[in-house]
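Contents: one structure, followed by commentary.
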Amino acid sequence: MTLNEVAKLIIKLNNIEILTHNYPDGDCLGSAFALALALKQIGKNARVITTDKPKNFGYIFDKYESAEFEAEHFISVDVADEKLFGEVNKSYEGKIELCIDHHKSNRVNAPYKYVEENAAAAGEIIFELIPLLGAKYDKDIADCLYTAISTDTGCFRYTNTTPRTMRIAAELMDLGCDTAFINKEMFETKTKARVELEKQILENLIYCADGKCAIIYTTREMTAGLGDDETEGIASIPRQIEGVLMGITVREKENDYKISVRTNSGIDACAFCNRFGGGGHVAASGCTLKGDLKSVIETLKNAAEEVL
Ligand SMILES: [Mn+2]
C-alpha cells in the first residue's frame with residue numbers, strides 16, 4: 001500500500017492505540033508519540049502503549065497527555081515482530097490492523113502493512129505521513145521525530161543515513177526542534193553508574209574469530225538498579241574496536257538473553273540473527289537466546305567463527 005492509502009485508512013479510524021516494541025528505543029517512542037500528537041490534532045482519540053518509560057526519554061512522554069477512551073483500533077510502529085511486544089503487551093498479538101515499520105525482516109501479521117526498508121528510521125515514514133493526515137508539524141512533533149531519526153542513525157553516523165535523512169533533520173530544525181538538547185541527552189550524557197558498567201564490560205570483553213569478532217556481556221548483577229536507558233547503546237561498544245567486523249552484546253534478562261549484533265563492512269547481522277529466530281537490519285540486528293551465560297556465549301562464538 002502507498003503512504004497515501006495509509007493516511008486514508010487512518011483518517012477513517014478513531015480510538016486508536018499505538019503499539020511499540022519492548023525495551024522501547026528512541027525511534028519507536030519518537031515515532032509513536034509524533035503520530036499520537038498528529039492524531040490528536042485532527043480530533044482523534046489516541047494513546048501510545050509502552051512496556052516501560054525509560055527515564056532519558058522523559059521529555060517525549062511529557063509532551064503527550066494520555067486520553068481516556070476505549071481502544072478500538074491498533075497501529076504498531078517500528079515493531080518488526082509481534083514477539084517483540086514482550087510479556088506486558090502480549091494481549092495485542094493478532095490485533096494489529098496497521099503496521100508501520102522500516103525493518104526488512106518485518107514479520108508482523110496485519111491486514112494493512114506499510115514497511116519501507118530504505119527509511120533509516122520509522123520516524124522518516126511518520127514525518128511524511130503527518131501532512132497526508134491533514135495534521136501540521138509543530139515543535140513537539142519535531143522533537144519526537146528528531147529523537148526517532150537521530151537515535152536510529154547513531155546521530156547520523158550509521159550507513160542507513162541517507163540524503164533524505166539529512167533533509168528531514170534539516171526540516172525538523174526549521175520547525176524549531178531542540179537538536180542541541182536532544183543530542184546532549186541522547187549521545188553526550190552518561191550516568192556514573194553507566195560509566196561503572198562500561199568499566200566492567202571492557203574488563204570482560206572476549207575476542208574470537210581471529211579478533212574479527214568481539215563479544216561483551218552484562219549480567220543481571222552488573223545491571224542491577226540500572227534503567228534500560230542506562231544500558232542502552234552499549235551494543236555499539238565492540239564494533240568500535242579496530243579490526244572487529246562483528247560486535248556482539250549479550251544482555252542477561254529475567255528469563256533469557258537479549259543479543260544485539262552490530263557489524264562493519266557489509267557483514268549481514270540480520271542473516272546472523274535469523275539463525276536464532278531474530279532479525280533486523282544488515283548492520284544492526286538482534287535475537288533472543290536461552291540457557292546459561294557460558295553456553296550462550298559459546299553458541300555465539302561458534303556461529304561467528306563460521307560466518308567470519
Ligand atoms: Mn527503528
Scan the stretch 34-43 and give yes if some residue there is of a type in the set (A, V, I, L, M, F, W, C), assigned to a loop (DSSP other than H, G, I, E, B) and closer than 13 Å to L129 by Cβ, otherwise no. yes
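Kindly evaluate I49 against the criterion of being at pLDDT below 95, farther than 19 Å from S260 by Cβ and β-branched (V, I, T).
yes
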Exactly one of I201, I168 is free of Cβ contacts under 8 Å to residues at least 40 places away in the same chain and either over 19 Å from T231 (Cα atoms) or aliphatic (A, V, I, L, M) (or both), and that residue is I201
Residues of the stretch 193-224 being over 23 Å from N22 (Cα atoms) and part of a loop (DSSP other than H, G, I, E, B), in sequence order, are N204, L205, A209, D210, G211, K212
- Query: Does L132 satisfy the condition of being away from the ligand (no atom under 15 Å from the Cβ) and under 21 Å from D78 (Cβ atoms)?
  - Reply: yes
Flagged pairs (Cβ under 9 angstrom, 6 or more apart or on separate chains; first in the stretch 108-127, in the same structural domain as V282 (by TED's automatic domain parsing); second in a loop (DSSP other than H, G, I, E, B)) are none
Among (1) closer than 18 Å to T153 by Cα; (2) touching a residue at least 12 places away in the same chain (Cβ under 8 Å); (3) not charged (D, E, K, R), C287 falls short only on (1)
Output for Cβ contacts, cut-off 7 Å, separation at least six or different chains, first residue closer than 15 Å to D52 by Cα in the stretch 221-246, second buried (at least 19 other Cβ atoms within 10 Å of the Cβ) and among the polar types (S, T, N, Q), reads T231/T218; T231/T223
Inside the stretch 86-114, the number of residues satisfying the requirement of being within 15 Å of the ligand (Cβ to nearest atom) and crowded, with 17+ Cβ neighbours inside 10 Å is 9
Task: Selection status of G58, away from the ligand (no atom under 16 Å from the Cβ) and in a loop (DSSP other than H, G, I, E, B) - done: no
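Return yes when L19 is within 15 Å of the ligand (Cβ to nearest atom) and farther than 25 Å from A169 by Cα and no when it is not. Working first, answer last.
Values: within 15 Å of the ligand (Cβ to nearest atom): yes; farther than 25 Å from A169 by Cα: no.
When the stated conditions are applied, L19 does not pass them.
Can you tell me how many residues in the stretch 22-44 are farther than 14 Å from D62 by Cα and either in contact (Cβ under 8 Å) with a residue 60 or more places away in the chain or within 16 Å of the ligand (Cβ to nearest atom) (or both)?
13
The values are calculated or read from the model by the stated rules, or taken from the named source; none is laboratory data. This structure is a prediction, so every number in the text was calculated from the model and none was measured. When we count neighbours, we look across all protein chains shown, and the Cβ atoms used for this are built from the backbone with ideal geometry, even at glycine.
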